[in-house]
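Where a number appears in this text, it was derived from the coordinates with a stated rule and is not lab data. Since the model is a prediction, treat every value here as computed from it, not as a measurement. Note that we place each Cβ from the backbone using ideal geometry, even for glycine, and neighbour counts take in every protein chain shown.
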Amino acid sequence: MSASLTGAAISDFVHDKEAFMASVSGRFAILDADADGLISFADMARELLTLRMLDTCFDVDGVDLSHPDLVELHRDIFSRLDRDGSRTAVDLEEFGDEMSEMLMAVACSLGLPKTKWTWPFAKL
């Protein structure tokens with residue numbers, strides 16, 4: 001039997017602070033290569049290259065991006081995560097806030113009524 005991913009299921013997960021933060025903390029720890037409690041631009045860029053994010057998320061497999069274009073794309077993604085604008089690193093709270101917002105957007109795209117799209121936590 002296969003489970004169907006629904007907007008309500010994603011919303012429930014995001015609103016389950018304990019489960020959500022366990023997942024976010026685990027992913028954050030993987031991205032935080034030097035274990036300093038922050039994700040630097042270098043940490044994130046290294047992970048994006050490892051994950052082949054361009055191929056899997058942006059459907060640009062086979063497109064040759066110049067190095068400057070790739071760096072610009074990585075900087076755009078990093079600045080989305082860097083909510084306080086420090087431009088140096090992303091902390092767990094910033095990462096969790098962005099993951100929550102992204103997942104809730106996915107939930108809405110899967111049919112979660114916008115009236116149910118509430119911000120899960122005041123502070124993570």
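A few points about this structure:
- Residues I10, I39, I30, sorted so that the one with the fewest Cβ neighbours within 10 Å comes first: I30, I10, I39
- Extension reserve of the S66-A8 stretch, reckoned as 0.36 nm per residue once the Cα distance is removed: 16.9 nm
- Label-point separation in nm, R83 to H15, each point 7 Å along Cα→Cβ: 1.9
- Label point 7 Å beyond Cα of L110 along Cβ direction - residues of the range 11-51 with amide nitrogen under 15 Å: 11-16, 20
- Centre-to-centre separation between the Cα atoms of the range 63-97 and those of the range 4-44: 16 Å.
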